[in-house]
Amino acid sequence: MRTQGLGFARGRRYNSPRTPRGLAPGGHLLFSPCCLEDVLVLSRFRRATVATEDQEKLDQSLEKTRRGVLGRIGALFQGNEIEDDLWEGLEEALIMGDVGVETSLKLVEATRTRVRTQGVKRVSDAYQILKEEMVRILRGDAPPFDLDNRHRLLNIGLIVGVNGSGKTTSIGKLAHYYRRQGRRVTIAAGDTFRAAAIDQLKIWGQRAGVSVIAHAPGADPGAVVYDAIRASQESRDADILLIDTAGRLHTNFNLMKEMEKIRNVAQRQVHKAPHEVLLVLDATTGQNAITQAQKFGASVSVSGVILTKLDSTAKGGVVLAIADQLGVPVRFVGTGEKITDLAEFDPWVFVDALLDANA
Amino acid sequence: MFESLSDKLQSVFDTLGRRGRLTEADVDKALREVRLALLEADVNFKVVKEFVARVRERAIGADVLRSLTPAQQVIKIVNEELIATLGESARLDLSGPPPNVIMLVGLQGSGKTTMAAKLANRLRSSGQRPLLVAADTYRPAAVTQLEVLGRQIDIPVHSEGVTPPPPEIVGRGLRRAREEARTIVILDTAGRLTIDPQMMAELVAIKALAKPREILLVADAMTGQEAVRVAQDFHQQVGLTGLVLTKIDGDARGGAAISMRAVTGVPIKFLGTSEKIDGIEVFHPDRLSSRILGMGDMLTMIEKAEAVMDQEETARMEKKLRAASFDLDDFLKQTRQIKKMGSISSLLEMIPGIGQAAKSLDPVAVDKQMRRLEAIISSMTMQERRSPNLLNGSRKRRVAAGSGTSVQEVNALLSQFRQMQRTMKQLQSGRRGGGGLGKLFGL
C-alpha cells in the first residue's frame, strides 16, 4: 500500500515552477485556468486589505446570527428597567443559541448577581456585564497559541474532528493564512480513508500555494505523517506542518486509537509535537459538541477549537459551554467558503457580534 | 455527561415517594427534568415548550397503573408522546413511472454524498437499477468522491466535472437514465454553508426539471437548535418529502430529529449509521425515542447480533446450551462472534440500565482480557477444549507458555468456565431456558 517514494516525487513536481499550476500530477486538470486566475488575483488583492477585511468578514457573517435568535438579546436590553422578564428571556435566548442549559443558567446567574451587588440600575450597564461575563468564560486561562513560534524549527498542528465538520477546508485556509505571513507551510494528507479526501486537500494546497505530502488512498496515516515530517524538515524546509486527519466519530474506539498513533508519530519525531491540537467544530452542532471536545481531548489533548461554518445562521454558542466546562479556547473561526475566510478568534468581537443588535 | 432521564425522574419521585394519582405538583416537578433532558438532547426550545405542555395535559390526573411507579408512568407518557411526535416510519415512494428521481439536499458536511451511495446500494439490493448523478460542482473533489464511491459499489455515476451548471448535468443524467433503462436516479446536490438564495434557486431549478418523487433533507444528528431553521427553510423553498438523519452512530441524542419532524411534518425515512456502505437503517420512532430518553437501545443490539451471528451456528450452540454440553471450543467461537459486533463497551451501552456502568468500564482492559481468553483457549488441543478436565499440571504449564500467560490465569479461566457450566445446568433443571442474553454472552 505504501508508495512513499511516489508521494515525494509527486509533491515535488506539484510545486515546481515547470509544471503549470492547476495541473495535478499526471497532468489532470484540477480546475479550470480561469478559475485559477481568479484565485491568484483574489489572493493578491486580499493580501493588501487583510486586516480590515477579517473584521468585516466576521461582522458580516455574524450579522445573520445577530438578527436571529441571539440578536434578540440585544433587543431585550433595550428596555428601561431591569425586570424578571429580562432574565427569563435571556436564559431562553442563550439556550436557543446552543449555549446549553448549564452554561446559560450560570451566565444569567453571574450577571444577575453582579447587577444586584453592584446596584446596577441601567439596562445598558447590565448588558455590558453580561458581555464581560461571556468574554471571561471565552478567554479562560488557556496558554497562548503556539503554532507560529518563530524560534522553533518545525511547528506541528494536528487537526481533528468528526466527519463533515470542515477539517480539510480549514487546513486549506490555515495554510493560506500562514503563507500570507511569509511562513513556509506543508500539509500532511492524513485522511487516507474518505473517498477523494486527498484530491480535495490537494486542490486546497494548490490554492494556498503550499505542498501537500500524500500517499495513496488507504495508506497508513502514521506513515504519511512520518514522511511529511521528514519532508518538512529536509526538502521542503518548512516551519509549519499541518496534519489533516480522517473524520471520526468520538465513539469509535479504534479510530480514536489510530488518531493517538498519529499523534505519537509526531511526538517521536519532533520535540513536544504536536504543538497545537485543534478540534474542528461545526457551528451548527448542538450539545454533542461538548462530548466531542471531551472525548477528543481525552484521546489527544485538544488545545483549541476552530469554529467553522459561522457564516450560516448558526450561532456557535456551544463554544461558550466548551470554554466554560472544559476550558478549551476557540482559536480561529471559519467565516465562508473562500480561502481567505478565516479569522483569529477575538472573544470581544465574537460576543459583540453575537449580542449587539446595534453594532 | 448525561444522566438518563429515567434515572432523574426516578430520583424526583423517590423524594415524593407515593403512589396513586399523579398530582399537578408531581407532574410539574417531573416535567422540569423532562424539559432539561430534551434541551440537553438538542431538541429546539420552542418544540420542547409545546411538547411539555402536551405531556402535562395528559399526565395530570392520570392514574398510575398498578404495575408502574409514578416515575415510570411519566416516562411512559413522555415516551408515547415522543413516538407520536416522531411519527411512523415511512417507505420511499417509488410508485411513479421509472426512472423515479430521488433528490438529496442539505447543508455542507451533513453527509449527502455518502448517503447517495448508501441509498443506491440499498435500492439495488431490492432489485432496482439506480444511477447516481453528481450535481455538486462546488465542493472541491465532491464529484470525484461520488465517482470513487460508485466504483466501489459498482453503480454507474453520471458526472460531467465541475464546469456545466448543475441543472444541465441533471438534465443529461436523466436522459442517460432513460436510455440505459435505469429505474432510480439519485441526485447528489451541492451543500452550502448558508442557506442562501442562490443555492435555493438552483435546487428549485433542478426540482422543476427532474420532478423528483422524493426530496430528502440529509441532516447531521448532532445539529443543535439550528435544525429547526434549516428544516423550515428547505421545506418552504423546495418542499421536502422526507428526512434522513446521519452520523447517528455517534453519541448525539438526536433531538434534532424531533425538532425537524415537528416543524416540517414530513417523516424521517432513514438513518445513516456508519462510514461503511451498508451503514443505512430504516427509521424506527420507538428506538430513537428510547435513545433520546437515554433508555438504551436493546432492539438495535439484538438486530446487530442477528446480523453477525451465523444462524446455523447459533442454533447448534443453543442446542448445546440446552444439553449443557457447551465446551471451551464453543466458548471461543462465541467470544469471536461477539467481537464481530463491535467493542464490548459500545454493546453494553445499548442495554437499558447499564449505560452508565458501561462508561466506567475501560474498553482497553476488557478487550485485552478477551484477547487473553482467546489466546489461552487457542493454545489448547481440540481434545482439551472438549473436555477441560484433561488439563493437568503439565498441560496447564504448556498452555500457559503457549499463550504467553501464567498457570494462574489458565486456572482462573477454567474455574470461570466451570461456574458457567454449573449455572447452565441449574437453568436447565429450573426449566428457564437460555434467554436472549444467555445466547448473546454465553453466560
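The values are calculated or read from the model by the stated rules, or taken from the named source; none is laboratory data. All of these numbers come straight from a predicted model, not from anything done at the bench. Positions of Cβ are backbone-derived with ideal geometry, glycine not excepted, and every protein chain shown enters the neighbour counts. Heavy atoms of the whole protein, side chains included, go into the accessibility calculation; ligands, DNA and RNA do not. Shrake-Rupley method; radii C 1.70, N 1.55, O 1.52, S 1.80 Å.
Which is more than 22 Å from residue A:88 (Cβ to Cβ) and open to solvent by 40 Å² or more (accessible area, probe 1.4 Å), of B:32, B:54, B:91?
Working: B:32 fails: more than 22 Å from residue A:88 (Cβ to Cβ); B:54 fails: more than 22 Å from residue A:88 (Cβ to Cβ).
Unique residue meeting the criteria: B:91.
Checking residue A:194 against (1) surrounded by fewer than 23 Cβ atoms within 10 Å (Cβ to Cβ); (2) at pLDDT 90 or above: exactly one of these is not met. Which one?
If we test residue A:194 against (1) surrounded by fewer than 23 Cβ atoms within 10 Å (Cβ to Cβ); (2) at pLDDT 90 or above, just (2) comes out false.
Residues that are farther than 23 Å from residue A:198 by Cβ and not small (Gly, Ala, Ser): which helices (runs of 4 or more DSSP H) entirely in the range B:98-197 hold 1 or more of them? I'd like the intermediate steps shown before the answer.
Details: elements: B:112-125, B:142-153, B:166-179.
Per the criteria, B:112-125, B:166-179.
Within 10 Å of another protein chain (Cβ to nearest Cβ) and at pLDDT below 90: does that describe residue B:225? Outline the logic, then answer.
Working: within 10 Å of another protein chain (Cβ to nearest Cβ): yes; at pLDDT below 90: yes.
Criteria met by residue B:225.
Name every residue in the range A:298-307 that is part of a helix (DSSP H, G or I) and within 14 Å of chain B (Cβ to nearest Cβ), in order of residue number. Give the derivation first.
The first filter runs over the range A:298-307 and keeps only residues part of a helix (DSSP H, G or I), leaving A:298-300.
Once the filter is applied, which keeps residues that are part of a helix (DSSP H, G or I) and within 14 Å of chain B (Cβ to nearest Cβ), the range A:298-307 yields A:298, A:299.
So if I check each of A:146, A:141, which one is away from every other protein chain (no Cβ under 14 Å), surrounded by fewer than 17 Cβ atoms within 10 Å (Cβ to Cβ), modelled with pLDDT of 85 or more and part of a loop (DSSP other than H, G, I, E, B)?
Working: A:141 fails: modelled with pLDDT of 85 or more.
On inspection, the qualifying residue turns out to be A:146.
How many residues are farther than 24 Å from residue B:179 by Cβ, away from every other protein chain (no Cβ under 11 Å) and of a type outside the set (A, V, I, L, M) if we restrict to the range B:98-121?
Qualifying residue count for the region: 1.
What tally of residues in the range A:149-162 results from selecting those that are part of a loop (DSSP other than H, G, I, E, B) and over 14 Å from the mean Cα position of the chain (by Cα)?
So the count comes out to 6.
Just for the range B:172-195: of the residues that are farther than 26 Å from residue A:309 by Cα, buried (at least 17 other Cβ atoms within 10 Å of the Cβ) and small (Gly, Ala, Ser), which one is farthest from the other protein chains (Cβ to nearest Cβ)?
Here the answer is B:177.
Would you tally the residues in the range B:247-293 being assigned to a loop (DSSP other than H, G, I, E, B), within 14 Å of chain A (Cβ to nearest Cβ), under 22 Å from residue B:78 (Cα atoms) and among the hydrophobic types (A, V, I, L, M, F, W, C)?
At the first step, the residues of the range B:247-293 found to be assigned to a loop (DSSP other than H, G, I, E, B) are B:247-254, B:265-267, B:273-279, B:283-284, B:293.
Keeping just the survivors that are within 14 Å of chain A (Cβ to nearest Cβ) gives B:247-254, B:273-277, B:279.
After this cut, where a residue has to be under 22 Å from residue B:78 (Cα atoms) as well, the list is B:248, B:251-254.
If we keep only those that are among the hydrophobic types (A, V, I, L, M, F, W, C) as well, we get B:248, B:252.
Adding up the residues that qualify gives 2.
Kindly indicate the residue of the range B:123-150 that is closer than 16 Å to residue A:217 by Cα and open to solvent by 40 Å² or more (accessible area, probe 1.4 Å) and also farthest from the other protein chains (Cβ to nearest Cβ) among those meeting that condition.
B:147
Would you check which residues across the range B:198-222 are assigned to a loop (DSSP other than H, G, I, E, B) and within 14 Å of chain A (Cβ to nearest Cβ) and list them? First the steps, then the outcome.
So the first thing to find is which residues in the range B:198-222 are assigned to a loop (DSSP other than H, G, I, E, B), and the list is B:211-213, B:221-222.
Selection gives B:221, B:222.
Whether any residue in the range B:105-121 is closer than 28 Å to residue A:164 by Cβ and surrounded by fewer than 17 Cβ atoms within 10 Å (Cβ to Cβ) is what I want to check. Talk me through it step by step, then tell me what you get.
Initial filter on the range B:105-121 (closer than 28 Å to residue A:164 by Cβ): B:105-121.
Applying the additional criterion that residues be surrounded by fewer than 17 Cβ atoms within 10 Å (Cβ to Cβ) yields none.
Looking for residues that are closer than 28 Å to residue A:164 by Cβ and surrounded by fewer than 17 Cβ atoms within 10 Å (Cβ to Cβ), one finds none in the range B:105-121, hence no.
Check the range A:260-282 and report whether any residue there is within 11 Å of another protein chain (Cβ to nearest Cβ), closer than 19 Å to residue A:351 by Cβ, at pLDDT below 90 and within 18 Å of the chain's Cα centre (by Cα).
First, the residues of the range A:260-282 that are within 11 Å of another protein chain (Cβ to nearest Cβ): A:280-282.
If we keep only those that are closer than 19 Å to residue A:351 by Cβ as well, we get A:281.
So of that shortlist, the ones also at pLDDT below 90 come out as none.
Looking through the range A:260-282, none of the residues is within 11 Å of another protein chain (Cβ to nearest Cβ), closer than 19 Å to residue A:351 by Cβ, at pLDDT below 90 and within 18 Å of the chain's Cα centre (by Cα).
So which residues in the range A:332-347 are away from chain B (no Cβ under 12 Å) and either over 22 Å from residue A:156 (Cβ atoms) or buried (at least 21 other Cβ atoms within 10 Å of the Cβ) (or both), if there are any at all? It would help to see each step written out before you state the result.
Residues of the range A:332-347 that are away from chain B (no Cβ under 12 Å), as a first pass: A:332-333, A:340, A:342-347.
If the condition is that a residue be away from chain B (no Cβ under 12 Å) and either over 22 Å from residue A:156 (Cβ atoms) or buried (at least 21 other Cβ atoms within 10 Å of the Cβ) (or both), then A:332, A:333, A:340, A:342, A:343, A:346, A:347 are the ones that fit.
Could you tell me which of the residues A:225, A:135, A:160, A:185 is touching a His at 6+ places or on another chain (Cβ under 9 Å) and either open to solvent by less than 40 Å² (accessible area, probe 1.4 Å) or away from chain B (no Cβ under 14 Å) (or both)?
On the way: A:225 fails: touching a His at 6+ places or on another chain (Cβ under 9 Å); A:135 fails: touching a His at 6+ places or on another chain (Cβ under 9 Å); A:160 fails: touching a His at 6+ places or on another chain (Cβ under 9 Å).
Going through A:225, A:135, A:160, A:185 in turn, just one is touching a His at 6+ places or on another chain (Cβ under 9 Å) and either open to solvent by less than 40 Å² (accessible area, probe 1.4 Å) or away from chain B (no Cβ under 14 Å) (or both): A:185.
Out of the residues in the range B:13-29 that are among the β-branched types (Val, Ile, Thr) and either surrounded by fewer than 16 Cβ atoms within 10 Å (Cβ to Cβ) or touching a strand residue (DSSP E or B) at 6+ places or on another chain (Cβ under 7 Å) (or both), state the one that is modelled with the highest pLDDT. Outline the logic, then answer.
Within the range B:13-29, the subset among the β-branched types (Val, Ile, Thr) is B:15, B:23, B:27.
With either surrounded by fewer than 16 Cβ atoms within 10 Å (Cβ to Cβ) or touching a strand residue (DSSP E or B) at 6+ places or on another chain (Cβ under 7 Å) (or both) added as a condition, the list becomes B:15, B:23.
On the way: B:15: 63, B:23: 75.
Applying the filter and picking the extreme gives B:23.
Name, by its number, the condition in (1) more than 30 Å from residue A:208 (Cα to Cα); (2) in contact (Cβ under 8 Å) with a residue 24 or more places away in the chain; (3) in a helix (DSSP H, G or I); (4) open to solvent by less than 10 Å² (accessible area, probe 1.4 Å) that does not hold for residue A:170.
Answer for residue A:170: the failing condition is (1).
Would you confirm whether any residue within the range A:286-297 is among the β-branched types (Val, Ile, Thr) and more than 12 Å from every other protein chain (Cβ to nearest Cβ)?
Checked the range A:286-297: no residue is among the β-branched types (Val, Ile, Thr) and more than 12 Å from every other protein chain (Cβ to nearest Cβ).
Here is a list of conditions, (1) outside any loop (DSSP other than H, G, I, E, B); (2) small (Gly, Ala, Ser); (3) at the interface with another protein chain (Cβ under 9 Å from one of its Cβ atoms); (4) touching a Lys or Arg at 6+ places or on another chain (Cβ under 9 Å), and residue A:247 meets all of them except one; can you say which number that is?
Failing condition for residue A:247: (1).
Considering only residues that are open to solvent by 20 Å² or more (accessible area, probe 1.4 Å) and free of Cβ contacts under 8 Å to residues at least 12 places away in the same chain, look in the range A:77-100 and name the one that is farthest from residue A:286 (Cα to Cα). Spell out the reasoning first.
Within the range A:77-100, the first condition is being open to solvent by 20 Å² or more (accessible area, probe 1.4 Å), and the residues that meet it are A:78-85, A:88, A:91-92.
Then keep just the ones that are free of Cβ contacts under 8 Å to residues at least 12 places away in the same chain; that gives A:83-85, A:88, A:92.
Details: A:83: 29, A:84: 27, A:85: 26, A:88: 21, A:92: 15 Å.
The selected residue is A:83.
Of the conditions (1) open to solvent by 10 Å² or more (accessible area, probe 1.4 Å); (2) over 22 Å from residue B:247 (Cβ atoms), residue A:266 fails just one. Which one is it?
Of (1) open to solvent by 10 Å² or more (accessible area, probe 1.4 Å); (2) over 22 Å from residue B:247 (Cβ atoms), only one is false for residue A:266: (1).
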